[in-house]
1. Tell me the helices (runs of 4 or more DSSP H) entirely within the stretch 1-89 that contain at least 3 residues that are touching a helix residue (DSSP H, G or I) at 6+ places or on another chain (Cβ under 6 Å).
2. What about Ser420, is it touching a residue at least 40 places away in the same chain (Cβ under 8 Å), polar (S, T, N, Q) and assigned to a loop (DSSP other than H, G, I, E, B)?
3. If you check every pair at least six apart or on different chains, which have Cβ atoms under 6 Å apart with a residue in the stretch 75-101 that is on the phi > 0 side of the Ramachandran plot first and a residue that is open to solvent by less than 20 Å² (accessible area, probe 1.4 Å) and of a type outside the set (Asp, Glu) second?
4. Please indicate, with yes or no, whether at least one residue in the stretch 244-264 is of a type in the set (D, E, K, R) and closer than 21 Å to Ala353 by Cα.
5. Is it fair to say Ser145 is assigned to a loop (DSSP other than H, G, I, E, B) and on the phi < 0 side of the Ramachandran plot?
6. Looking at Asn190, Asn174, which one is assigned to a loop (DSSP other than H, G, I, E, B) and either open to solvent by less than 50 Å² (accessible area, probe 1.4 Å) or at pLDDT 95 or above (or both)?
7. Of all residues in the stretch 290-309, which are surrounded by fewer than 16 Cβ atoms within 10 Å (Cβ to Cβ), part of a helix (DSSP H, G or I) and out of contact with any helix residue (DSSP H, G or I) (no Cβ under 8 Å at 6 or more places or on another chain)?
8. How about the stretch 363-389: which of its residues are under 17 Å from the mean Cα position of the chain (by Cα), open to solvent by less than 50 Å² (accessible area, probe 1.4 Å) and within 16 Å of Cys135 (Cβ to Cβ)?
Amino acid sequence: MKSYQEMSKEELLREKESLEKAYKEYQKRNLSLNMARGKPSAEQLDLNMGMMDILHSESDMFTEDGTDIRNYGVTDGIPEAKKLMADMMGVHPENVIVCGNASLTIMYDTVSRSMTHGVCGSTPWCKLDQVKFLCPVPGYDRHFSVTEYFGIEMINIPMTEEGPDMDLVEQYVNQDDSVKGIWCVPKYSNPQGIVYSDETVRRFAALKPAAEDFRIFWDNAYVVHHLYDENQAEILDILSECEKAGNPDMVYEFASTSKISFAGAGISAMAASKKNLDFVRESLTIQTIGFDKVNQYRHVKYFKNLDGIKAKMKQHANSMRPKFEIVENTLEREIGGLNIGSWLKPLGGYFIAFESLEGCATAIVQKAKEAGVVLTGAGAPFPYKKDPKDSIIRIAPSYLTVEELELAGKVFMTCVKLVSVEKFLQEK
């Protein structure tokens, strides 16, 4: 089939007529298919129902150091949970605090604490004239919502196949003392699935910030979320790399079991230097009597160790992999030779980023919605929800069944082709 660029106006009009007919047929079906968020499917949630039986009325409720998990106390996590999360993150247990159900909460609290009380003794950000954050794009919309909520100025940093454009990162961080942080999803990035290269991680660790209170917000959300046994990405440990580079306090790392155990009922962790964690603990003693130690203990008893987590993640991968491959195969089959879109093939994570023709993403998402397929809003993977090229669409394959996903893919492709044809006709 000819690419749309090669078609005459008459050929494009015929193609449009055919696509509109197909689109109207989908509309008649009153579909309700949601690919907007990276929610685990019911099949994935069922994988962990055994966790509900781990603790019961006859269970031993004491940790290895004698703590009664039913009572108050232990604000920074039980020792067994620290070890489990540290092993998953590839760091030392003494560098970890374990919190509640979501790492997003820890990230929000970390920004909030910096605003009101500064960073390890620095001036509170709320008292500064300007506070800026670097935002690799496309990126995670909830990161950007946090910094926008606090009125922090966000600066786009383009992503490359090895991670953020480090020339730009170094320029901003090393020269502008109002730059206080950068959001990072270093492994299977949201939404492109990019893995930071060793060079990128080392360049992060070697930054020479103009601001003493600059911090890297290293959201290692997909640290064990591989799709393939034979091809699993690994990244350098940012904490040890920062220590080697003489910047031990420059990073906060975050992770959780939200997409390992139960979404919304997992455990989360923050890894950082002793200086950083001591500062965090000061506010934790005011903020909470202690996080849910019963849930922390339940996770430890269920997974036992890192091998237990890895075994569970293989089961998740068996559920996720066919869905990713359906999307990738549909994209290739439907528009592979049309030159109207591009995408990367991720090896893990939860998303596929589709890049449409410039100026088309909003229209594609709207058309899909009107045909019963809900996608993440166009612009969401950018600060202030403003995609400069209006071209990135985040696809979340996880929640739908295989059959639903095949149908949603066909609808989405029809919308992509229809909007693209309309764009070319306008330019003729």
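The values are calculated or read from the model by the stated rules, or taken from the named source; none is laboratory data. All of these numbers come straight from a predicted model, not from anything done at the bench. FYI the Cβ positions are ideal-geometry reconstructions off the backbone, even for glycines, and counts take in every protein chain you see. The accessibility values were calculated without ligands, DNA or RNA, using every heavy atom of the protein model including side chains. Shrake-Rupley method; radii C 1.70, N 1.55, O 1.52, S 1.80 Å.
1. By residue number, 9-28, 79-89.
2. The answer is no for Ser420.
3. Cβ pairs passing all conditions: Gly77/Ile97; Gly77/Val98.
4. yes
5. So Ser145 does not fit the description; no.
6. Just a single option satisfies the conditions, and that option is Asn190.
7. Within the stretch 290-309, Val294, Lys301, Asp307 qualify.
8. Correct list: Gly379, Ala380, Pro381, Phe382, Pro383.
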